[in-house]
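Let me begin by presenting the structure, written as structure tokens, before commenting on it.
Rule-based calculations on the coordinates, nothing more; no lab input. As the structure is a computational prediction, the values presented were derived from the model and not from experiment. Neighbour counts are summed over all protein chains in view; Cβ atoms, including those assigned to glycine, are modelled from backbone coordinates with ideal geometry.
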Amino acid sequence: MSKPIVATTSLAGCFGCHMSLLDIDERILELFQLVEFNKSPIDDIKTFTKQCDIGLIEGGCCNSENIHVLKDFRKNCKIIVSVGECAIMGGLPALRNGIPVKECLAEAYLDGPTVGNNTEGILPNNEELPMILDRVYPCHEVVKVDYHLPGCPPRADLIWEALVALVTGNELKLPYEVVKFD
Amino acid sequence: MRTTVKTIIEKYNNDKTRLMDILMDIQNNFGFISDKFVEVIARETGLSIVDVEQTLTFYHFFSKKPVGEYAVYLNNSVVANMKGRAAVAKAFEEELGCKFGNLCDDGKIGLYNTACIGMSDQEPAAIINDTVFTSLTPLKVKGIVQQMREGKKVTEMIDVIGDGNNSSPLINSMVFNNIRKEGPVLFSEYEVGAAVKKVTEMTPNEVVDEVKSSYLRGRGGAGFPTGLKWEFCRKSEGPRYIHCNADEGEPGTFKERVILTELPKLLFEGMAIAAYALDAKEGIIYLRGEYKYLKNYLEAVLEEMKTANLLGENICGKKGFDFEIRIQFGAGAYVCGEESALIESAEGKRGEPRNRPPFPVQKGYLGMPTVVNNVETICTVVKIINNGADWFSMMGSHESTGTKLISVSGDCDFPGVYAIEWGMRIRDLLEIAGTEDVLAVQIGGPSGVCIGSKEFKRTISFEDIPTGGAITIIGKDRDIIKDVVVNYMDFFIDESCGSCVPCRAITVLMRNKLQKIIDGNGVMNDLDDLVDWGAKMKIANRCGLGQTAANPILTTLENFREKYEALIDKDSDYNTGFDLEKAVADSCAYVDRVPNL
Amino acid sequence: MSEKIKFTIDGKQCLAKKGQNVLDAALENGVYIPFLCHVKGVKQAGSCRICNVKVAGRTMTACTTPVAPGMEVENDIPELHDLRLAIIEALFVEGNHFCPSCEKSGNCELQALAYRYQMMVPRFPYSFPQKEIDASNSKILIDRNRCVLCKRCIRSFQDDQGRNLFAFKSRGHKVEINIDKECAVNLSDELAQEIMDVCPVGALIRKEKGFNEPIGTRKYDKKPIGSEITSVV
Ligand SMILES: Cc1cc2nc3c(=O)[nH]c(=O)nc-3n(C[C@H](O)[C@H](O)[C@H](O)COP(=O)(O)O)c2cc1C
Ligand code: SF4
Ligand code: SF4
């Protein structure tokens, strides 16, 4: 029997959730026994090369590229899991929600104390660049998400237990300590 | 200015329980209640500043910013919309060159939306500086705006005078009564004062018993037996109070406007009878701020009643039968019609319903036993005393004795007040109201039910479809979801007191989900969610507002499910409504870039 | 000693003092009924609606319902479980609860309830409202993003003249909490701490304090809220 295939990505996240995944320590070896990785920063595969079983999403959606990647994951993965607060509720990037995007851009490129030498007041508008969304969207407010693993980042044990349960089809039993929002 | 404010506060003995009156007088005097005024009120009444603000900011008709020399409050109810409100609103905005929610003409004229003002039989209607303008048209608006600009007094701007007492100099209003069916109870001939005279020859318990044996049930909506309520109240040690609920806030209701205009003596006499039965010395009529145009008239009638010894001291010569009535105006809050919120408001606080127990009959106004009764209930008592409980209980249906005033409006030829016997079939009422091609009937206002033709054989009664009196007829050409449900949900969102989490938050979430469906992004699951969330609303909230706030959605989902399903994308089982094009529009515009999706 | 009233919660025999409400009585009898707005000894608000229980088929808030003799209270049943979870979720989407950056995280009762009821993601869409922070008071910062409008602060704190330190503003979903500029001007450190402790969430925060306890040692890191009364099955 072939191994289940896992893909991962970081959208508007900080890679903390990926770090937490690595935090499962020596169980990482076991993980590689259990699953095969496809598109993921873990093995540096940049595009999907086959249909996957599980897609782990870190980060919410703050720009058009995030949306495209998320939709691509939805298309290529049977099960989508939102990993971490940013994927679930926007996380700290969503602190900008409620502030008009124009004000955010002005603060970042024109008025803020860290603007530096952008004396000509240039706003990034090259068509190669992703377009900024009006706010940061939780993943399940864009596409259907099957499971959610909260935490900032989610405890390594939570990610591990959830992955094992998904892969083996066993019932997921979560000890109280592992489900946390911070 | 400060001295005027102080004088106002002194007029109410610096009493914090009279905060509503203090705020109202200041609002009327200055057109707003500034931070400075708030500080003075706080100091003089011994409240903290935030506490004064808590009351001030709860009510729609109080404002911290100037509302304008002329403050136009245009009704935005369902019926107003049916009758052409949009064109009227547009005319106001075009004439003044500014939008609703703003001050126009250098601060002279303010345009505001407001919930139903009790004129559903003559919409579109607006209140400008306490004066009511009915049956508005864009042309009339032109004239009104011009006269406001000329600085004319609002009372001189009305062009038609209504019928009955509306034409009395003390009211002098455009409002028409539209009494379509008088019925044998409230509008029948009677001798003023005969009933109160009669009760002075009875014991209070006998009065309670008489009301009990008439099986009269409250006309305010809940239908609690009136005699029983009085009896419960008598069980608690006094002083006791009788409050008359004249808040009439349920959109589509206006029958109490007509009673207050044509039968105020009947009402005051009824209150005196209740006072006698309860041994109450003081009564309050809690009158919605929208009906302030009746103030001078009602105060004059109260004086007249006193002169006739039907109020005041030793009423009808009975020693120790003393009773005074004061009018407490509301200031634009539907929830204050809920009896305990009404009491809170009459005590000068934000109109937040209380937890029960204790019930108002145990601990009500100022912590004392208080009966709150609807206007119509109290008036009915007079006729029961005059004609006997048996005469009364012969009328109506098994569990609903007597008659009921119904306010009919919407898509019909004869909007107005109908006194019907309980047990009348909806179908028969529709016929006499002059209707054809009825799509739906909303019974009991937004908090009631919306039924389709299959149910028109049902009856208006506590045992079948109960109602406080609002019947809104919705014609075949209406879009029930967009024209009716949306408006009602927005009404509840605006009027929730905000205390209970479900009422405050889930009403908004349901409204948003409804919008998602309207926008074409609904899936079947969304309908199930609405049913589930609505069921939670019913059981989880403190007062009737929150418990019924989901009804517009729930009852239309039940009776007009096909209208919802028609909006649903049945091929999809998940749709968030996310729209990339929309989501990037603002940022692309700002950085000057053509979106490449 | 006065007569005790017998009643049951989910079949368990309980005793209450005369006039005691169902919530207080339950907690004393070792039965956990979840709640957010209740503070022992302070007038009940009955506003969070989380302590809703069923009595004779009717739902009512335990904090405002006096125990009656022979009363049969239903508490730990699936219907109420889902209702309570829905209310908790509604609170999460109604405000802006960025737990990872909140000083109260780990000691927050809203978060703790979400843990106890295993909220993985709210069933409602997030609303991301715009809320103002009030930092004008010298001791207490008000972060309205996190306020659950439980009125604990309103009900708990008056000055020596009986004037309220806190009050609501507006109504409906626009309601917000306010602190009085005059009455709350000279708060002692002790009172400021008390205020912070009364607030179930991180809406009232003592200035220049916060993140004092390391993760792992906070109130709800290891044990669910209410587990000292009834453990989670
Ligand atoms: C949100 C809400 C609004 C209400 N508005 C009114 C009202 O405007 N007039 C009224 O008489 N009763 C109203 N009621 C019902 C009152 O709470 C109360 O039952 C009634 O005044 C009792 O009088 P009755 O027994 O004579 O009907 C309302 C109830 C709720 C929950
Ligand atoms: S149900 Fe709504 S209006 Fe009634 S008390 Fe609760 S929040 Fe206030
Ligand atoms: S500030 Fe805290 S205590 Fe006060 S109402 Fe908000 S959540 Fe409750």
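Quick notes on this structure:
- Filtered residue count, segment B:29-60, keeping only those that are in contact (Cβ under 8 Å) with a residue 40 or more places away in the chain and part of a helix (DSSP H, G or I): 2
- When C:L85, C:L27 are checked against the criterion of being more than 9 Å from chain B (Cβ to nearest Cβ), touching a residue at least 12 places away in the same chain (Cβ under 8 Å) and farther than 26 Å from B:A535 by Cα, a single residue qualifies: C:L27.
- Leading residue by the ranking (nearest to A:K46 (Cα to Cα)) among those in segment A:65-96 that are more than 13 Å from chain C (Cβ to nearest Cβ) and outside any helix (DSSP H, G or I): A:C77
- Which listed residue, of B:G193, B:G252, B:G183, B:G238, is among the small types (G, A, S) and either closer than 20 Å to B:P360 by Cα or within 16 Å of ligand 3 (Cβ to nearest atom) (or both): B:G238
- Within segment C:177-211, the set of residues being charged (D, E, K, R) and within 11 Å of another protein chain (Cβ to nearest Cβ) comprises C:D180, C:K181, C:E182.
- Unique residue being within 16 Å of ligand 2 (Cβ to nearest atom) and among the basic types (K, R) when the list is B:R354, B:R427: B:R354
- Pairing residues of segment C:194-207 that are more than 14 Å from C:K40 (Cα to Cα) with residues that are within 6 Å of ligand 3 (Cβ to nearest atom), at Cβ distances under 6 Å and at least 6 apart in sequence or on separate chains, gives C:I195/C:L204; C:M196/C:L204; C:V201/C:V148; C:A203/C:C147.
- Of the residues in segment B:31-44, at least one is away from chain C (no Cβ under 14 Å), under 25 Å from the mean Cα position of the chain (by Cα) and closer than 24 Å to B:L342 by Cα.
- Within segment B:142-168, tally of residues that are charged (D, E, K, R) and surrounded by 12 or more Cβ atoms within 10 Å (Cβ to Cβ): 4
- Residues in segment B:1-45 that are farther than 23 Å from B:K108 by Cβ and of a type in the set (K, R): B:R2, B:K6, B:K11, B:K16, B:R18, B:R43.
- Members of segment B:189-232 that are part of a loop (DSSP other than H, G, I, E, B), surrounded by fewer than 22 Cβ atoms within 10 Å (Cβ to Cβ) and out of contact with any helix residue (DSSP H, G or I) (no Cβ under 7 Å at 6 or more places or on another chain): B:E189, B:E191, B:E201, B:M202, B:T203, B:A222, B:G223, B:F224
- When the test is whether a residue is more than 16 Å from ligand 1 (Cβ to nearest atom), farther than 24 Å from C:K131 by Cα and either in contact (Cβ under 8 Å) with a residue 12 or more places away in the chain or within 14 Å of chain B (Cβ to nearest Cβ) (or both), C:P214 does not pass it.
- Given (1) within 24 Å of the chain's Cα centre (by Cα); (2) without any contact (Cβ under 8 Å) to a residue 12 or more places away in the chain, index of the condition B:F176 fails: (2)
- The residues listed here are C:L36, C:L91; of these, the one that is within 20 Å of A:M89 (Cβ to Cβ), touching a residue at least 60 places away in the same chain (Cβ under 8 Å) and surrounded by 20 or more Cβ atoms within 10 Å (Cβ to Cβ) is C:L36.
- Screening the candidates B:A585, B:A589, B:A549, B:A566 for the property of being surrounded by 15 or more Cβ atoms within 10 Å (Cβ to Cβ), aliphatic (A, V, I, L, M) and without any contact (Cβ under 8 Å) to a residue 60 or more places away in the chain yields one hit, B:A585.
- Qualifying residue in segment C:154-161 (condition: crowded, with 23+ Cβ neighbours inside 10 Å and either free of Cβ contacts under 8 Å to residues at least 40 places away in the same chain or farther than 26 Å from B:D529 by Cβ (or both)): no
- Residue in segment C:47-58 that is more than 12 Å from every other protein chain (Cβ to nearest Cβ), in a loop (DSSP other than H, G, I, E, B) and not hydroxyl-bearing (S, T, Y) present: yes
- Residue pairs meeting the criteria (Cβ under 9 Å; at least 6 apart or on separate chains; first closer than 11 Å to B:V72 by Cα, in segment B:93-107; second in a loop (DSSP other than H, G, I, E, B) and charged (D, E, K, R)): B:L103/B:K65
- Segments classed as helices (runs of 4 or more DSSP H), wholly inside segment B:280-394, with at least 2 members that are more than 26 Å from B:V50 (Cβ to Cβ) and either within 14 Å of chain C (Cβ to nearest Cβ) or away from ligand 1 (no atom under 15 Å from the Cβ) (or both): B:295-307, B:375-387, B:389-393
- Matching residues in segment C:122-144 - criterion: being at the interface with another protein chain (Cβ under 9 Å from one of its Cβ atoms) and either under 17 Å from C:S47 (Cα atoms) or surrounded by 20 or more Cβ atoms within 10 Å (Cβ to Cβ) (or both): C:P122, C:F124, C:Y126, C:F128
Every residue, every condition in (1) near ligand 3 (Cβ under 10 Å from one of its atoms); (2) touching a strand residue (DSSP E or B) at 6+ places or on another chain (Cβ under 7 Å), yes or no:
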residue	(1), (2)
C:I140	yes, yes
C:N145	no, no
C:N164	no, yes
C:G172	no, no
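- Some residue of segment A:97-110 being in contact with a Lys or Arg (Cβ under 7 Å, 6 or more places away or on another chain) and facing chain C (nearest Cβ under 10 Å): yes
- In segment B:548-587, the residue that is farthest from the other protein chains (Cβ to nearest Cβ) out of those that are in a loop (DSSP other than H, G, I, E, B) and of a type in the set (D, E, K, R) is B:K570.
- For segment B:233-279, a tally of residues being at positive phi and away from ligand 1 (no atom under 16 Å from the Cβ) returns 1.
- The residue that is farthest from ligand 1 (Cβ to nearest atom), counting only those in segment C:134-172 that are under 18 Å from C:E190 (Cα atoms) and of a type in the set (F, W, Y), is C:F157.
- Members of segment B:292-320 that are within 27 Å of B:D21 (Cβ to Cβ), free of Cβ contacts under 8 Å to residues at least 24 places away in the same chain and among the basic types (K, R): B:K306
- Residue tally, condition more than 12 Å from chain C (Cβ to nearest Cβ) and in contact with a Leu (Cβ under 9 Å, 6 or more places away or on another chain), over segment B:531-547: 1
- Qualifying residue in segment B:58-79 (condition: at the interface with chain C (Cβ under 9 Å from one of its Cβ atoms) and farther than 27 Å from B:S135 by Cβ): yes
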